[in-house]
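The values are calculated or read from the model by the stated rules, or taken from the named source; none is laboratory data. In this text, all values refer to a predicted model and were calculated from it rather than measured experimentally. Note: ideal-geometry Cβ built from the backbone for every residue, glycine included; neighbour counts use all protein chains shown. Please note that ligands, DNA and RNA were not included when accessible areas were found on the heavy atoms of the full protein model with its side chains. Shrake-Rupley method; radii C 1.70, N 1.55, O 1.52, S 1.80 Å.
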Amino acid sequence: PPKGLRPTEVGTLIDTHVHNRDFAAAIVDLAVRGYIQIIEEKKEGLFGGKTYSLKKLKEANDDLREYEKVILKALFAKGSTESKFSKRKTALIKARKEAGKLVYQDLADRGYYVRNPNKIRGLYFGIAIAISIVGHMAGIFAIAFTGRPFVIIAGYASAIIVGIFAVVIPKKTPEGVRLFEHAKGFKEFLETAEKYRIQWQEKEHVFESYLPYAMVFGVADKWAKVFETTETQSPSWYVGSSLAGFSPTTFSKDVSSFVSTVSKYSAPSSSSSSGGFSSGGGFSGGGFGGGGGGSW
C-alpha cells in the first residue's frame, strides 16, 4: 500500500470523497491492528439475520489518527470495553460526520491536496448557488424591461457550470498525485493477486492486513479467492457465528455483511453527505471513481 496511508485515506485519495465503505474499512482496520474484536451473532426468530457486538482490546494511543480516535470512542460507551453495535447508532452518526471532516483536513495538512478538498468543493457549490440566485433576481428585472428570459437562462447555465467544476476542482499536490498513482497500481495488484498465490502463502497475516484496502478498492472478493486453497488461519479479530471451518471467501462475505451494518447504523436517515462522508456501502464491487490525479 502507499506508505503512511491507512485504508480510509487511500479510499479518499482515489476519488476525493470519503464513502461509507471507507468509514467501515476504518473500523475493520482498527480490528486488524488489534484495537477491537468484532463478534458476529445470529439473531433469533423466523427471519434470522446477524447482529454484532464489539470488545475493546486496546485503548487509543499516539499510533492512531485523530479520526480513528473519534471512531474508536464512538464504538464504546465511556468506561466500557464491550458494546452492542446496534446501541451505538447515534454515536456512530456523529462520528461518521466528524471523522469525514478530519480525514479531508488531514490529507490537506500532510500535503496531498493544495487545500482541504471538502471545503473547496463547498466554496464553489456556494458560489454556484449565489450565481443562480443573483441571476434569477436579475432575470426578473430583465424580463420586465425586455420581455426575454435570457438573463435567467444565462444565470442558471453559469451556476450549473460552476457546480460541475466544484466536483472536480480539488487539486492534488505532486506528492498527492504520486500516491494516487501508487494506489491505482496497488489496486491492480490486488485484482491480479491470484497470479502470485505462492508468494502470498509465504507472507504471514497478509490476507487480513490487506483486506481493508481491498474493501475500499471494491476488490475484497477477488482478494479472498486468492487464499481459498491455502491454509489461512481464521483472524482472531473477527469471531463468526458459524462452526464451519475457516474459508477466506466466506469470511469476506461475513465482513461484507458487517460493512453493510456499519453503513446502516452510521448513515443519517437523509443519506446526506454534507458532513464529510459520501454514500457507497458495500465493497464487493466498484473501484475507482472520478478524481483524476491532480487535475483542476
Self-check item: Residues of the range 126-178 satisfying the condition of being more than 30 Å from P2 (Cα to Cα), open to solvent by 80 Å² or more (accessible area, probe 1.4 Å) and aliphatic (A, V, I, L, M)
Solution: I129, I133, V134, M137, I140, A144, I153, I160, I161
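Would you confirm whether any residue within the range 72-82 is among the β-branched types (V, I, T), more than 20 Å from G11 (Cα to Cα) and in contact with a Ser or Thr (Cβ under 6 Å, 6 or more places away or on another chain)?
Among the residues of the range 72-82, not one is among the β-branched types (V, I, T), more than 20 Å from G11 (Cα to Cα) and in contact with a Ser or Thr (Cβ under 6 Å, 6 or more places away or on another chain), which makes the answer no.
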Exercise. Could you grab me the full set of residues in the range 1-24 that are open to solvent by less than 10 Å² (accessible area, probe 1.4 Å) and not in a loop (DSSP other than H, G, I, E, B)?
Key: P7, T8, E9, V10, G11, T12, L13, I14, V18, D22, F23, A24
Practice problem: Could you identify the single residue in S236, S241, S209 that is among the small types (G, A, S), at pLDDT 85 or above and in contact with a strand residue (DSSP E or B) (Cβ under 8 Å, 6 or more places away or on another chain)? | Solution: S236
Quiz item: Quick one: which of A95, A91 is touching a helix residue (DSSP H, G or I) at 6+ places or on another chain (Cβ under 9 Å), more than 30 Å from K172 (Cβ to Cβ) and modelled with pLDDT under 95?
Solution: A91
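Please find, among E41, E9, the residue that is out of contact with any His (no Cβ under 6 Å at 6 or more places or on another chain) and modelled with pLDDT under 90. It would help to see each step written out before you state the result.
Values: E9 fails: modelled with pLDDT under 90.
Going through E41, E9 in turn, just one is out of contact with any His (no Cβ under 6 Å at 6 or more places or on another chain) and modelled with pLDDT under 90: E41.
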Quiz item: Of everything in the range 109-119 that's assigned to a helix (DSSP H, G or I) and open to solvent by 20 Å² or more (accessible area, probe 1.4 Å), which residue is farthest from I164 (Cα to Cα)?
Solution: D109
Quiz item: Taking the condition over 30 Å from N20 (Cβ atoms), touching a Ser or Thr at 6+ places or on another chain (Cβ under 8 Å) and part of a helix (DSSP H, G or I), does I131 pass?
Solution: yes
Quiz prompt | Where a residue in the range 27-42 is under 11 Å from K56 (Cβ atoms) and its partner, wherever it lies, is assigned to a strand (DSSP E or B) and of a type in the set (S, T, N, Q), with Cβ under 7 Å and at least six apart | solution = A31/Q37
Quiz item: E181 versus (1) open to solvent by less than 70 Å² (accessible area, probe 1.4 Å); (2) at pLDDT 80 or above: which is the lone unmet condition?
Solution: (1)
Exercise. Might you let me know whether the range 40-60 holds any residue that is open to solvent by 80 Å² or more (accessible area, probe 1.4 Å), in a strand (DSSP E or B) and in contact with a Phe, Trp or Tyr (Cβ under 8 Å, 6 or more places away or on another chain)?
Key: no
Quiz item: When only residues in the range 75-88 that are among the small types (G, A, S), open to solvent by 40 Å² or more (accessible area, probe 1.4 Å) and assigned to a loop (DSSP other than H, G, I, E, B) count, which is farthest from K172 (Cα to Cα)?
Solution: G79
Quiz item: in contact with an Asp or Glu (Cβ under 9 Å, 6 or more places away or on another chain), at pLDDT 70 or above, under 15 Å from A25 (Cα atoms) and open to solvent by less than 20 Å² (accessible area, probe 1.4 Å), is that true of V255?
Solution: no
Exercise. Determine, yes or no, whether Y35 is modelled with pLDDT of 95 or more, open to solvent by less than 10 Å² (accessible area, probe 1.4 Å), more than 29 Å from V114 (Cα to Cα) and under 20 Å from the mean Cα position of the chain (by Cα).
Key: yes
Quiz item: For P117, are the conditions met, namely being within 29 Å of I14 (Cα to Cα) and in contact with a His (Cβ under 9 Å, 6 or more places away or on another chain)?
Solution: yes
Quiz prompt | Which numbered condition L57 misses (of (1) out of contact with any Lys or Arg (no Cβ under 9 Å at 6 or more places or on another chain); (2) hydrophobic (A, V, I, L, M, F, W, C); (3) over 27 Å from S252 (Cβ atoms)) | solution = (3)
